Amino acid sequence: MNLHKTNSKIWDNNPFWGLGFEFDPQWHLTDEQKNIQKNLIELCQTTLRTNAIESDKNLIFPRKNFEALASLGLLGLIIPKEFGGLGESHVCAAMVVETIARYGCASTAMCYVMHISALSAILLRHHENPFFKSLLPKINNEVLIGTIAYSDPQTGSHAWFPLSSKSEETEKGWKVFKKASWVTSGGFADWYLVQTTSPNFNGDYSNLSCYLLFKDEIKTGASTWDGMGMRGNQSGPLEIDGVEIPKDRLIGKTGEANKTNNESPDIFFLMCSSACWNGVAMGMIDIAVNHTTKKRHDDVGLRIADYPTIQDYVGESIADTNTCRAFNFQIAEALDKLTNNCDWEIYKQENHYPKSEKMSWLWQLKLSCSKNVTYLSDKMLHTCGGTGYKPALGIERYLRDAKAGWVMAPTNEVLKQLIGKLALLGPDSLDAWNNKINERVLNNEIKKMDKVKLREFGESLIKKSEEI
Ligand SMILES: Cc1cc2nc3c(=O)[nH]c(=O)nc-3n(C[C@H](O)[C@H](O)[C@H](O)COP(=O)(O)OP(=O)(O)OC[C@H]3O[C@@H](n4cnc5c(N)ncnc54)[C@H](O)[C@@H]3O)c2cc1C
């Protein structure tokens, strides 16, 4: 075997204390992207990782980390170069998020995921909108952090169903009403991608529109966030109470939100949040490698790393996580291929939505990566023993952060069902907006009724039909 340990990963002018590049799929990255990665690892060492501890302890939104990321141009990572961005790809976005989560701060990584996902909606629809074009160069220069306000207090993790929202067309623009239950960076972000029902939606909840709102147009419970992990994340509630905004704040056209979401913010969210969970997993493995190779049991003269059980834990965790990373980069490459390397110009063509068709792959990706980190976080805690249970080692914080992956929408329960239903019953069975009748269930319930019950039921249905 010709395997060797590389010392090329540097941390504070020394070889990195966790796993080296020999366990990273570096072959997906261009030289330019490797350079971004190198500078970002250095920034994590000097700035992001220390701030992660402070954010977690004191529930502090990581603005300082965003200012540091802006010093590398990373708030404009996927903005075309002509608008002052880095013009980077899906592969690069996955690498950047993974790197922030692994070497820096998981909360910052998740806030960054929301920023990039929200930004992708603006980029998709900027071509015909001079206001969006004027905003793009300011995003990184002025550290304008974006986020997504989709969740609804009445529909929980069914984030696609904004029951408590609406929008109206006015003479000057749009009047927006929105209640969101969870908004990452809520109250701290500078701009918000907001989804509501369209004006004149007529009860059809699939008829949705997206708007851009700014910090001074929303009310939030900023700093009310108190989660088990992701404590810098500030995923608080938000309210927009009939705020009037100009015409050019509509993202695309009215009723186009589903097309926008499926092509851009949903795709970026699923891909980049998966990268976040992979980064958290690798971050935990790094700590476990470092700890177990240093700590000794003097009675037997062995280090923790010398026990075969520990070797099995670490070996299996690396293989499982690298399976998820390989999946993530493979999907990112497929998205790059479909979009000419994340070239936003392709969307000048009307009704061109090549990424949307791959959505079920992104569901599978998020399910796999968040499932891996959920189980792996327990295994890495067990690997480090009682020392891992105390905050100083850093495993404990990552473990709490890791548990968010499963419950974040689309939750893993919802995803399993979506994928299984799609495979077994076809796309029509998904029924996101609850308007397809399940005739099998209906007929089965009717079959259970006797003559009297059936008559009563029939009469109640006739009455109901007359009320419509
Ligand atoms: C750290 C963090 C950050 C977040 N940031 C954001 C954000 O920026 N924007 C945003 O919009 N949201 C955000 N969320 C919210 C998140 O996306 C979910 O909406 C939220 O976690 C759902 O919580 P809930 O209590 O409403 O769950 P519920 O919807 O009440 O779910 C409870 C249980 O029921 C299951 N369940 C729900 N529906 C079904 C179904 N159809 N079939 C089977 N099982 C089902 C769920 O999987 C879960 O097990 C964030 C959440 C966290 C933890």
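The values are calculated or read from the model by the stated rules, or taken from the named source; none is laboratory data. Worth saying up front: this structure is predicted, and the values here are computed from it rather than measured. A quick note on method: Cβ atoms are made from the backbone with ideal geometry, for glycine too, and the neighbour counts reach across all protein chains shown.
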Inset, instruction - With the condition kept exactly as written, say whether any residue in the stretch 341-352 is aliphatic (A, V, I, L, M) and closer than 30 Å to K133 by Cα. - result: yes
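For (1) among the charged types (D, E, K, R); (2) touching a Phe, Trp or Tyr at 6+ places or on another chain (Cβ under 9 Å); (3) surrounded by fewer than 10 Cβ atoms within 10 Å (Cβ to Cβ), each residue gets a yes or a no:
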{"residue": "P410", "(1), (2), (3)": "no, yes, no"}
{"residue": "K421", "(1), (2), (3)": "yes, no, no"}
{"residue": "S429", "(1), (2), (3)": "no, no, no"}
{"residue": "W433", "(1), (2), (3)": "no, yes, no"}
{"residue": "I446", "(1), (2), (3)": "no, yes, no"}
{"residue": "D450", "(1), (2), (3)": "yes, no, yes"}
Inset, instruction - Could you tell me whether any residue of the stretch 112-132 is of a type in the set (F, W, Y) and within 16 Å of the ligand (Cβ to nearest atom)? - result: yes
Inset, instruction - Determine which member of the set Q234, Q154 is in contact with a Gly (Cβ under 7 Å, 6 or more places away or on another chain) and either within 14 Å of the ligand (Cβ to nearest atom) or assigned to a strand (DSSP E or B) (or both). - result: Q234
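Yes or no, residue by residue, for (1) under 22 Å from L124 (Cβ atoms); (2) not hydrophobic (A, V, I, L, M, F, W, C):
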position	(1), (2)
K175	no, yes
G203	no, yes
A222	no, no
D248	yes, yes
Inset, instruction - Using the structure shown, decide if M271 is at negative phi, modelled with pLDDT of 95 or more and surrounded by fewer than 24 Cβ atoms within 10 Å (Cβ to Cβ). - result: no
Inset, instruction - Among the residues of the stretch 381-413, count how many are within 10 Å of the ligand (Cβ to nearest atom) and in contact with a His (Cβ under 8 Å, 6 or more places away or on another chain). - result: 1
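Can you tell me which of Y112, Y103 is hydroxyl-bearing (S, T, Y), closer than 20 Å to Q33 by Cα and over 15 Å from the mean Cα position of the chain (by Cα)?
Going through Y112, Y103 in turn, just one is hydroxyl-bearing (S, T, Y), closer than 20 Å to Q33 by Cα and over 15 Å from the mean Cα position of the chain (by Cα): Y103.
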Legend entry - Residues of the stretch 166-184 that turn out to be small (G, A, S) and either at pLDDT 95 or above or more than 12 Å from the ligand (Cβ to nearest atom) (or both), as a count: 2
Legend entry - L43 vs. criteria under 23 Å from the mean Cα position of the chain (by Cα), in contact (Cβ under 8 Å) with a residue 40 or more places away in the chain and not in a loop (DSSP other than H, G, I, E, B): yes
Inset, instruction - Can you work out which of the residues in the stretch 414-452 that are more than 30 Å from M230 (Cβ to Cβ) and in contact with a Lys or Arg (Cβ under 7 Å, 6 or more places away or on another chain) is farthest from the ligand (Cβ to nearest atom)? - result: D428
Inset, instruction - Answer yes if at least one residue in the stretch 356-371 is within 16 Å of the ligand (Cβ to nearest atom) and in contact with a Gly (Cβ under 6 Å, 6 or more places away or on another chain), and no otherwise. - result: yes
Inset, instruction - Identify the single condition in (1) buried (at least 21 other Cβ atoms within 10 Å of the Cβ); (2) in a helix (DSSP H, G or I) that T309 does not satisfy, given that it satisfies every other one. - result: (1)
Legend entry - Among the residues listed as Y205, Y192, the single one being of a type in the set (S, T, Y), within 15 Å of P162 (Cβ to Cβ) and modelled with pLDDT under 95: Y205
Legend entry - Among the candidates Q45, Q26, Q33, Q37, residue that is closer than 26 Å to C324 by Cα and in contact with a strand residue (DSSP E or B) (Cβ under 6 Å, 6 or more places away or on another chain): Q45
Inset, instruction - Would you check which residues across the stretch 192-241 are basic (K, R) and within 19 Å of the chain's Cα centre (by Cα) and list them? - result: R231
Legend entry - Residue within the stretch 68-83 that is under 30 Å from K295 (Cβ atoms), away from the ligand (no atom under 16 Å from the Cβ) and modelled with pLDDT of 95 or more present: no
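Could you say whether any residue in the stretch 367-385 is part of a loop (DSSP other than H, G, I, E, B) and either in contact (Cβ under 8 Å) with a residue 12 or more places away in the chain or of a type in the set (K, R) (or both)?
Within the stretch 367-385 (the criterion being part of a loop (DSSP other than H, G, I, E, B) and either in contact (Cβ under 8 Å) with a residue 12 or more places away in the chain or of a type in the set (K, R) (or both)), the answer is no, since none of the residues qualifies.
Could you pull out the residue among A149, A159, A189 that is within 16 Å of the ligand (Cβ to nearest atom), out of contact with any Lys or Arg (no Cβ under 9 Å at 6 or more places or on another chain) and farther than 19 Å from K253 by Cβ?
On the way: A149 fails: out of contact with any Lys or Arg (no Cβ under 9 Å at 6 or more places or on another chain); A189 fails: out of contact with any Lys or Arg (no Cβ under 9 Å at 6 or more places or on another chain).
That would be A159, the only listed residue that is within 16 Å of the ligand (Cβ to nearest atom), out of contact with any Lys or Arg (no Cβ under 9 Å at 6 or more places or on another chain) and farther than 19 Å from K253 by Cβ.
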